[in-house]
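Below is one structure; the comments refer to it alone.
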Amino acid sequence: MTYDVIIAAGGVSLRVGYDKLSEKIGEKTVLQRAVNAFLGQKNLGRIIVVGKTVDGENVLCVEGGKTRHESVENGLRFVTAETVLIHDAARPFVTRDLIEKIAEDAEQYGSAIPCVPFFDSLRVVEDGCLVSSVDREKTFAVQTPQGFSTAAIRKAFSLASPDENYTDESELYAKFIAPCHVVAGDPNNKKITVESDFYGLNARIGSGFDVHRYTPGKPLKLCGVTIPYEYGLLAHSDGDAPLHALMDALLTAAGERDIGVLFPDTDPQYKDIDSAVLLRTVLHILHRKNLEILSVNLTVIAQSPRLSPYIEEMRKNLANLLSLSPDRISLSATTTENLGLIGENKALAAMASVLLV
Ligand code: MG
């Protein structure tokens, strides 16, 4: 069964002091990142963005209201599916897995609300004094997307007064329809509320290293570019060491296992494979986790050939493969001053560092 999603983007960012939804995280705005997490999801009908304009397939942009109530209620007018997910545009780090879970459970239980535990102690403050403790075991922070039966949440809206003061739709559902079904939320699915939420807490670093032995009779491919040379790199795949180091950096930053585990060299399907094809699989893993590349740093270590004439072409090709601006990629080549195996020109190595958010 399909579901629609409403992305609430109408709120004014009082606590940040400027339009946080238009701020960029890497190359995309907060709003675009939130929308992208839903694009192409299986069983998704339409994406209704309330209060802002944004591009995307099946995206319908509609007007917001003066309050969250008015905005979401207006969005609900355009929902045609039997299940609806309502998401805050200020949560750009939501993963595809969480979205799928909420959609499935909302269909099964009538509602599905992602909740995460608190790690700080909680107290009630009155007149500037701590008066009592709150039982942390029973207290949860509520996230979005929140999933509902469309008919039920419409009914809740019709029963609520328009100036009802509520912070999210789970409150209305619980008040007028039934207790909400709780789903384990994701601690990384943070809401951008203050400026420091943008980067620090969500940036992830990764590094990778690879080395291959030179062999005659094979083309030398580096970053997907064929370099005229008498040797290529001995490997089960095409031996593109910089792309291998890069994939390992991306995977480790995403908390995944390395390419040796993902694409074992005992598997005949990877024999002589173009490493750019493997990179696409790695990028798909990042896409599932709604992770974007902020920057890439690659160093190729080779005594010979001289790589400086090819650096720009390699960088451009990398930018294409990663759908990233070239200025987010730094690429350099160095030698080992004739020292060691690389200095004796028996092998070529590559090192990569990446930053994801
Ligand atoms: Mg390798």
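The values are calculated or read from the model by the stated rules, or taken from the named source; none is laboratory data. Here the structure is a predicted model, which means the values were calculated and not measured. When we count neighbours, we look across all protein chains shown, and the Cβ atoms used for this are built from the backbone with ideal geometry, even at glycine.
Considering region 274-311, the residues that are closer than 27 Å to R213 by Cβ and among the charged types (D, E, K, R) include one that is farthest from the chain's Cα centre (by Cα), namely R306. Answer with yes or no whether A151 is in contact with a Gly (Cβ under 6 Å, 6 or more places away or on another chain) and over 27 Å from K24 (Cα atoms). Criteria not met by A151. The condition of being at pLDDT 95 or above, closer than 17 Å to A8 by Cβ and in contact with a Cys (Cβ under 8 Å, 6 or more places away or on another chain) holds for only one of I113, I86, that being I113.
For the criterion of being within 16 Å of the ligand (Cβ to nearest atom), modelled with pLDDT of 95 or more and polar (S, T, N, Q), S237 fails. Selection of region 68-115 for residues being surrounded by fewer than 17 Cβ atoms within 10 Å (Cβ to Cβ) and touching an Asp or Glu at 6+ places or on another chain (Cβ under 7 Å) yields T80, T95. Residue check: V54 meets all listed conditions (1) within 24 Å of the chain's Cα centre (by Cα); (2) assigned to a helix (DSSP H, G or I); (3) without any contact (Cβ under 8 Å) to a residue 60 or more places away in the chain but one, namely (2). The set of residues in region 21-51 that are touching a Gly at 6+ places or on another chain (Cβ under 9 Å) and in a helix (DSSP H, G or I) comprises L21, Q32, R33, V35, N36. Scanning region 71-126 for residues that are hydrophobic (A, V, I, L, M, F, W, C), part of a strand (DSSP E or B) and under 18 Å from D168 (Cα atoms) turns up V84, L85, I86, A112, I113, C115, V116. Looking only at region 243-277, which residues are farther than 26 Å from N202 by Cα, within 10 Å of the ligand (Cβ to nearest atom) and at pLDDT 95 or above? Of everything in region 243-277, just one residue is farther than 26 Å from N202 by Cα, within 10 Å of the ligand (Cβ to nearest atom) and at pLDDT 95 or above, namely S275. The residues of region 223-234 that are on the phi < 0 side of the Ramachandran plot and more than 9 Å from the ligand (Cβ to nearest atom), listed by number, are V225, T226, I227, P228, Y229, E230, Y231, G232, L234. Scanning region 317-357 for residues that are part of a helix (DSSP H, G or I) and crowded, with 16+ Cβ neighbours inside 10 Å, we see that the one that is nearest to the chain's Cα centre (by Cα) is L322. Report whether or not I177 is more than 13 Å from the ligand (Cβ to nearest atom) and closer than 30 Å to E100 by Cα. Taking the combined requirement at face value, the residue satisfies it.
Residues of region 145-174 that are among the aromatic types (F, W, Y) and under 27 Å from D97 (Cβ atoms): F148, Y173. Of the residues examined, T281 is one that is surrounded by fewer than 17 Cβ atoms within 10 Å (Cβ to Cβ), under 27 Å from H236 (Cβ atoms) and at pLDDT 95 or above.
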